[in-house]
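Worksheet: the structure to be examined is printed underneath.
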């Protein structure tokens, strides 16, 4: 399963179809887990792992691959399970999240499945691993738990939410707060929602968060039905790419087809690679894209939109 992803063109074929591909695998038991194939670079057998002093308890060490040093995270231990000991049956899933590459130590890899996002549901309330799940689905009548990698990584190295002092326009922040500027954000990761809310609070901007694209679309349509001018009510929409029920690509497509919403400024906020995002933005009609967990970049982009907002009112 090496070289799991080959070209951007192949990966963009699912865009606008509200579909995704999942790589399914096991950890220590029979339960199936999954990660979105879009985030995966390759799957390899476990090579020699170099242990590091003073490492996080779920980091097994590092591997050296193609001239790069990559941390190895025991995914079972990271979600509060038993560490993986049988390395002969284990695999490494090499992923790229938020401009960093890491390898997750997992058990046997099952297969890749192609699903409609409508079949992917939020995790049930009260499930034991719910804090580490972004969604669940069913394959061959078996429950598949889709892991929230952003939460896993945040536990190992907490994300920064502060804005550099030299970039923060405090006067503009006061104006935004007084004007009640709001942003709608759609993301199934509570970690991502919390980070953006914390960062934008420094800018005087309120974030209205929803858990998936369908809820975002329904919220926008409800405002229209209530006679609210959406472009005046919110500054922009920030949307994740992969979400249960409706992904960010389909959400953008639906918005662009609605005359009352078509002019809404939309930013794709994702942990996918830059070249892939450029293809996505062009294909589905987003106005911009931004990598997740980059508070300074987020602040610069939002402050520019706030300035344009006030200039338009002059």
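Hey, among 198, 186, 135, which residue is farther than 18 Å from residue 37 by Cβ, in contact (Cβ under 8 Å) with a residue 12 or more places away in the chain and buried (at least 17 other Cβ atoms within 10 Å of the Cβ)? Break it down into steps so the answer makes sense when it comes.
Working: 198 fails: buried (at least 17 other Cβ atoms within 10 Å of the Cβ); 135 fails: farther than 18 Å from residue 37 by Cβ.
Result of the check over 198, 186, 135: 186.
Report yes if residue 143 is under 21 Å from the mean Cα position of the chain (by Cα) and in contact (Cβ under 8 Å) with a residue 24 or more places away in the chain, otherwise no.
Details: under 21 Å from the mean Cα position of the chain (by Cα): no; in contact (Cβ under 8 Å) with a residue 24 or more places away in the chain: yes.
The answer is no for residue 143.
Any idea which of 281, 207 is under 22 Å from residue 310 (Cα atoms) and within 17 Å of the chain's Cα centre (by Cα)? Spell out the reasoning first.
Values: 281 fails: under 22 Å from residue 310 (Cα atoms).
The unique qualifying residue is 207.
So, in the stretch 16-34, of the ones that are in contact with a helix residue (DSSP H, G or I) (Cβ under 7 Å, 6 or more places away or on another chain) and in a strand (DSSP E or B), which residue ends up farthest from residue 144 (Cα to Cα)?
Applying the first criterion (in contact with a helix residue (DSSP H, G or I) (Cβ under 7 Å, 6 or more places away or on another chain)) to the stretch 16-34 yields 16, 18-23, 27-28.
Within this subset, residues satisfying the condition of being in a strand (DSSP E or B) are 19-23.
Values: 19: 16, 20: 14, 21: 13, 22: 10, 23: 10 Å.
Restricting to residues being in contact with a helix residue (DSSP H, G or I) (Cβ under 7 Å, 6 or more places away or on another chain) and in a strand (DSSP E or B), the top hit is 19.
Pick out the one residue from 118, 150 that is under 16 Å from the mean Cα position of the chain (by Cα), assigned by TED's automatic domain parsing to the domain that holds residue 74 and not in a strand (DSSP E or B). Full working, then the answer.
Numbers: 118 fails: under 16 Å from the mean Cα position of the chain (by Cα).
Result of the check over 118, 150: 150.
Which of the residues belonging to the stretch 90-115 are more than 29 Å from residue 295 (Cα to Cα), at pLDDT below 90 and surrounded by 13 or more Cβ atoms within 10 Å (Cβ to Cβ)?
115, the sole residue that qualifies.
The values are calculated or read from the model by the stated rules, or taken from the named source; none is laboratory data. In this text the structure is predicted, and so the values were computed from the model without any measurement. Cβ atoms come from the backbone with ideal geometry, glycine included; neighbour counts cover every protein chain shown.
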